[in-house]
Amino acid sequence: MANTKISPDLPALNIAVAEAWIALSAEAIAQRNAFHIALSGGSTPKALYQLMATDHYRQQTDWTRQHIWFGDERCVPHDHADSNYRMAREAMLDSLPIPPDNIHPVPMTDADVGKNAQDYETELLACLPKTAQGIPRFDLMLQGVGDDGHTASLFPGTTILQERDKQVAAVFVEKFNAWRISVTFPVINHARHLIVLAAGAGKADIVRTLLEDKVPDALYPVQMISPEGQLTWYLDSAAARLLSPETLRN
Ligand code: 6PG
């Protein structure tokens, strides 16, 4: 059973995640002189990123030791309105003293999305500590969850769910009629820490289903997360409102 941390509202939830980010980065920087985090895209984390860029959190860590990566990315130019990198850059990265070399957007230079995915995997392997099996190991991965149970760009019914050799892959997502690039489950399941972030009443049904119903893994990709590291769901009370008292005690 995953750990759950419930906050009364989105601002409190963002503070809880920000405090976890700072604490985990202090531990990683003390032990390995670097903290590698994979950001999630979508709309939920934007306010968290804006919070991290405030003076209070700017002063809480050595940002020159933080390496910013992306768990997934839409296959659009970095200045496109749908780009996860653009969202994070505008919300946070442009306001923090992170060395440019420590910010690792998914490359979009090649017309071949598979080549861009391969190049990102090469960069991950060159920069991150690795497991004994050679899997790049994030210190923290922030994951969102969609109402269909997807996480990162690991959508139900897509081939990338079964990918175990590549650490980064391109995937065509029918529901959006668009290509995405995503880390694969070998990377997610070897992260030292994973935070699944869900907020708002619109996520209450899927959160209850995922945390309380026993449903086939492949139906809900986020349930295929079974990390060696620590998995914690950070929820606001609106997203947690359908959970049983027993789940809430975890
Ligand atoms: C993306 C995200 C994706 C997101 C979920 C939830 O690129 O869109 O990585 O996995 O986290 O779709 O999105 P919301 O936060 O917008 O609900």
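Just to be sure before I move on: is GLU19 within 20 Å of ALA199 (Cβ to Cβ), away from the ligand (no atom under 16 Å from the Cβ), assigned to a helix (DSSP H, G or I) and charged (D, E, K, R) in the structure I sent? Answer is yes for this residue.
Taken as a whole, the condition of being of a type in the set (Phe, Trp, Tyr) and touching a helix residue (DSSP H, G or I) at 6+ places or on another chain (Cβ under 6 Å) does not apply to TYR85. Here ASP101 qualifies as free of Cβ contacts under 8 Å to residues at least 40 places away in the same chain and either away from the ligand (no atom under 16 Å from the Cβ) or under 16 Å from ALA38 (Cβ atoms) (or both).
The residues of the stretch 67-95 that are buried (at least 17 other Cβ atoms within 10 Å of the Cβ) and aliphatic (A, V, I, L, M), listed by number, are ILE68, VAL76, MET87, ALA88, ALA91, MET92, LEU93. Across the stretch 151-166, the number of residues qualifying as buried (at least 24 other Cβ atoms within 10 Å of the Cβ) and in a loop (DSSP other than H, G, I, E, B) comes to 2. Within the stretch 193-213, residues that are among the polar types (S, T, N, Q) reach partners that are assigned to a loop (DSSP other than H, G, I, E, B) with beta carbons closer than 8 Å, at six or more positions or on different chains, in the pairs THR209/GLY149; THR209/VAL215; THR209/TYR220.
THR109 meets all of the listed conditions (1) under 13 Å from SER182 (Cα atoms); (2) without any contact (Cβ under 8 Å) to a residue 12 or more places away in the chain but one, namely (1).
Being out of contact with any helix residue (DSSP H, G or I) (no Cβ under 8 Å at 6 or more places or on another chain) and among the aromatic types (Phe, Trp, Tyr) narrows it down to one of PHE185, PHE176, so name that one. Step through it out loud before you land on a result.
Values: PHE185 fails: out of contact with any helix residue (DSSP H, G or I) (no Cβ under 8 Å at 6 or more places or on another chain).
Just one listed residue meets the conditions, PHE176.
Of the residues in the stretch 225-233, at least one is over 22 Å from ALA23 (Cβ atoms), in contact (Cβ under 8 Å) with a residue 12 or more places away in the chain and surrounded by fewer than 16 Cβ atoms within 10 Å (Cβ to Cβ). Within the set THR64, THR122, the sole residue that is in contact (Cβ under 8 Å) with a residue 24 or more places away in the chain, assigned to a helix (DSSP H, G or I), loosely packed, with under 15 Cβ neighbours inside 10 Å and more than 16 Å from the ligand (Cβ to nearest atom) turns out to be THR64. Among the numbered conditions (1) hydrophobic (A, V, I, L, M, F, W, C); (2) part of a loop (DSSP other than H, G, I, E, B); (3) surrounded by 14 or more Cβ atoms within 10 Å (Cβ to Cβ), the only one that LEU211 does not meet is (2).
To keep it simple, each residue is scored yes or no on (1) of a type in the set (A, V, I, L, M, F, W, C); (2) closer than 29 Å to VAL171 by Cβ; (3) modelled with pLDDT of 95 or more.
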{"residue": "SER7", "(1), (2), (3)": "no, no, yes"}
{"residue": "LEU10", "(1), (2), (3)": "yes, no, yes"}
{"residue": "GLU27", "(1), (2), (3)": "no, no, yes"}
{"residue": "LEU51", "(1), (2), (3)": "yes, no, yes"}
{"residue": "THR54", "(1), (2), (3)": "no, no, yes"}
{"residue": "ARG58", "(1), (2), (3)": "no, no, yes"}
{"residue": "PHE70", "(1), (2), (3)": "yes, yes, yes"}
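Scanning the stretch 167-194 for residues that are outside any strand (DSSP E or B) and over 16 Å from the mean Cα position of the chain (by Cα) yields a count of 4.
The values are calculated or read from the model by the stated rules, or taken from the named source; none is laboratory data. Every value quoted in this text rests on a predicted model; they were computed, and no experiment measured them. So basically every Cβ, Gly included, is an ideal-geometry build from the backbone, and we count neighbours across all protein chains shown.
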